[in-house]
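Q: Provided herewith is a single structure, encoded as C-alpha cells, for subsequent inquiry.
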Amino acid sequence: MNTTVIEVRDLHQRYDDFEAVRGISFEVARGELYALLGTNGAGKTTTLDVLEGFHPPTKGQARVLGHDPLTERAAVRQRVGLVLQEAGFYKDLTVAETVDAWRRWTPRALERRHVLERVGLAHREAVRVAQLSGGEKRRLDLALAILGRPEVLFLDEPTTGLDPEARRNVWALVREMVAEGVTVLLTTHYLDEAEHLAQRLAIMHAGRIVTEGTLGDVVAGRGTRIAFRLPGVRPSELPYVPGLTRRSVRADGDAYAVETDEPQEDLRVLLTWAHERGLELTGLEVRRPSLEEIFLEVAETERVAA
C-alpha cells in the first residue's frame with residue numbers, strides 16, 4: 001500500500017523572469033509532519049501555492065492524495081485544510097457566524113463549539129471578527145482549516161502573531177491531529193517550532209532544497225562543534241589533528257568554533273596543546289550545532305555562493 005500523500009517531483013515555478021522554485025523534490029507520508037524552512041523568498045509559500053492548486057507548476061509535478069491539485073481539484077478540495085499566510089474574513093460577522101457560514105459549505109463539518117474549543121476560541125464566539133486580536137484571528141484561521149476533518153493540512157506560518165502560550169496550544173493541537181493520522185505540511189520561520197513538531201524537514205534557499213531529513217539527520221550531518229574563547233591566538237596556530245575525516249575552524253574575534261567528526265580526539269589534542277602553553281580555553285562547550293546555527297550557516301553559505 002502506497003502511504004505517500006504529498007509528492008513533489010522536480011518542481012519549478014517561474015513568475016516572468018523570476019524563478020521562485022528551482023527544481024525541488026520531496027515526499028510526505030500519511031500521518032507525517034514535514035516542515036519547509038527558509039528565509040523570506042526561499043520558495044516555501046510558492047511551493048504550497050502549487051500544492052494547494054492555486055497555480056500550475058511551470059515544470060515538474062505535484063500530487064496530493066494521488067491527484068493533481070489544480071486539474072483534479074474536486075477530488076482534493078474536501079479532503080484538505082488550509083491555513084494561509086493571510087486570510088480574509090468578513091469583519092462584521094461574529095466568530096460563531098463565521099464558523100457557521102463555513103459549516104454550510106463543508107461536508108462532515110465538526111460542531112461549531114467543538115472546533116472553537118480545540119483552538120481556544122469558545123469564549124470569543126459572540127465577538128465580531130474585527131475586534132479579535134491578530135493571534136485570535138490566526139486561531140480562527142486554524143479552526144476553519146480543521147472544520148472539515150481534513151486528511152491533509154497545509155499550514156503556512158500558522159503561529160505568526162501568537163503569544164508563547166497560544167503557540168504551544170497550537171502545537172499541541174497539531175500534534176493531536178498528526179497522531180490521528182492527518183498529514184501536515186508546515187512552513188515556519190520559527191525554528192523551535194520545526195524542532196518540536198517536524199518528523200522530517202527541509203531547509204530551502206533561493207528556490208532550492210539545500211538539506212533535508214530528520215532533525216537528527218540534519219544535525220548529525222554537520223559534525224560536533226567545540227566552541228571556546230582564546231584571545232591572542234590566530235586560527236593557524238591551533239594544533240593539527242591527524243587522521244580526522246573532517247575538521248573546520250571558524251573564528252570571530254577571539255571566539256572559535258571547531259567543527260569535527262572526531263570530537264573526543266580533537267578535544268584531547270586541543271586541551272593538551274593549551275595546557276603545554278599555559279593557555280585556558282574559556283567558555284569551553286562541546287555540542288551538536290543547533291538547527292538555528294545550521295539554518296544561518298546555510299543562508300550565509302548560499303548568499304556568499306550567489
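The values are calculated or read from the model by the stated rules, or taken from the named source; none is laboratory data. It should be emphasised that the depicted structure is a prediction, and the values quoted were computed from it without experimental measurement. FYI the Cβ positions are ideal-geometry reconstructions off the backbone, even for glycines, and counts take in every protein chain you see.
Q: Go through (1) on the phi > 0 side of the Ramachandran plot; (2) crowded, with 16+ Cβ neighbours inside 10 Å; (3) assigned to a loop (DSSP other than H, G, I, E, B) one by one and return the number of the condition residue 57 breaks.
A: (1)
Q: Please verify whether region 143-151 includes one or more residues that are among the β-branched types (Val, Ile, Thr) and closer than 19 Å to residue 33 by Cα. Spell out the reasoning first.
A: From region 143-151, those among the β-branched types (Val, Ile, Thr) are 146; that's our starting set.
Narrowing the set further to residues that are closer than 19 Å to residue 33 by Cα leaves 146.
So far as region 143-151 goes, yes, one or more of its residues are among the β-branched types (Val, Ile, Thr) and closer than 19 Å to residue 33 by Cα.
Q: Here's another thing I want to ask about it. Can you tell me which residue is nearest to residue 126 (Cα to Cα) among those in region 78-100 that are without any contact (Cβ under 8 Å) to a residue 24 or more places away in the chain and surrounded by 14 or more Cβ atoms within 10 Å (Cβ to Cβ)?
A: Quick first cut of region 78-100, residues without any contact (Cβ under 8 Å) to a residue 24 or more places away in the chain only: 86, 88, 97, 100.
Filter once more, so that each one left must be surrounded by 14 or more Cβ atoms within 10 Å (Cβ to Cβ): 97, 100.
On the way: 97: 8, 100: 12 Å.
Among residues in region 78-100 that are without any contact (Cβ under 8 Å) to a residue 24 or more places away in the chain and surrounded by 14 or more Cβ atoms within 10 Å (Cβ to Cβ), the one nearest to residue 126 (Cα to Cα) is 97.
Q: Separate question: Out of (1) out of contact with any Asp or Glu (no Cβ under 8 Å at 6 or more places or on another chain); (2) within 21 Å of residue 297 (Cα to Cα); (3) surrounded by 11 or more Cβ atoms within 10 Å (Cβ to Cβ), the odd one out for residue 273 is which?
A: Single failed check for residue 273: (2).
Q: Of the conditions (1) modelled with pLDDT of 95 or more; (2) outside the structural domain of residue 170 (by TED's automatic domain parsing), residue 249 fails just one. Which one is it?
A: That leaves (1) as the condition not met.
Q: Now a separate question. Right, residue 39: modelled with pLDDT of 95 or more and among the polar types (S, T, N, Q) or not? Can you show your working first?
A: Details: modelled with pLDDT of 95 or more: no; among the polar types (S, T, N, Q): yes.
No; evaluated as a whole, the condition is false for this residue.
Q: Among 207, 213, which is the only one that is over 17 Å from residue 95 (Cβ atoms), without any contact (Cβ under 8 Å) to a residue 24 or more places away in the chain and of a type in the set (Gly, Ala, Ser)?
A: On the way: 207 fails: without any contact (Cβ under 8 Å) to a residue 24 or more places away in the chain.
Only one candidate passes the filter, namely 213.
Q: Let me ask another. Specify the residue that is farthest from residue 118 (Cα to Cα); the eligible residues are those in region 156-194 that are surrounded by fewer than 18 Cβ atoms within 10 Å (Cβ to Cβ) and of a type in the set (D, E, K, R).
A: 192
Q: Against the conditions (1) surrounded by 16 or more Cβ atoms within 10 Å (Cβ to Cβ); (2) under 26 Å from residue 30 (Cα atoms), where does residue 66 fall short? Just the number, please.
A: Of the numbered conditions (1) surrounded by 16 or more Cβ atoms within 10 Å (Cβ to Cβ); (2) under 26 Å from residue 30 (Cα atoms), the odd one out for residue 66 is (1).
Q: Continuing with the same structure: Would you check which residues across region 254-306 are at pLDDT 90 or above and small (Gly, Ala, Ser) and list them?
A: Across region 254-306, the qualifying residues are 255, 274, 278, 283.
Q: Could you list, in sequence order, all residues of region 1-19 that are part of a strand (DSSP E or B) and surrounded by fewer than 21 Cβ atoms within 10 Å (Cβ to Cβ)? Outline the logic, then answer.
A: Restricting attention to region 1-19, the residues satisfying the condition of being part of a strand (DSSP E or B) are 4-15, 18-19.
Across region 1-19, the qualifying residues are 4, 7, 9, 10, 12, 14, 15, 18, 19.
Matching residues to (1) closer than 26 Å to residue 292 by Cα; (2) of a type in the set (Val, Ile, Thr); (3) in a helix (DSSP H, G or I):
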position	(1), (2), (3)
35	yes, no, no
48	yes, no, yes
74	no, no, yes
114	no, no, yes
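Q: From the residues in region 237-246 that are out of contact with any helix residue (DSSP H, G or I) (no Cβ under 6 Å at 6 or more places or on another chain) and either on the phi > 0 side of the Ramachandran plot or modelled with pLDDT of 85 or more (or both), which one is surrounded by the fewest Cβ atoms within 10 Å (Cβ to Cβ)? Show your work before the answer.
A: Restricting attention to region 237-246, the residues satisfying the condition of being out of contact with any helix residue (DSSP H, G or I) (no Cβ under 6 Å at 6 or more places or on another chain) are 237-238, 240, 242-246.
After this cut, where a residue has to be either on the phi > 0 side of the Ramachandran plot or modelled with pLDDT of 85 or more (or both) as well, the list is 237-238, 243.
On the way: 237: 10, 238: 19, 243: 6.
Across region 237-246, the extreme among qualifying residues is 243.
Q: When residue 158 is evaluated against the numbered criteria (1) at pLDDT below 95; (2) farther than 20 Å from residue 52 by Cα, which criterion, by number, is the only one it fails?
A: (2)
Q: Starting from region 16-30, take each residue that is assigned by TED's automatic domain parsing to the domain that holds residue 48 and in contact (Cβ under 8 Å) with a residue 40 or more places away in the chain and list its partners that are of a type in the set (Val, Ile, Thr) and in a loop (DSSP other than H, G, I, E, B), counting only C-beta distances under 6 angstrom and pairs at least six apart or across chains.
A: Going by the 6 Å Cβ cut-off, the qualifying pairs are 29/3; 30/3.
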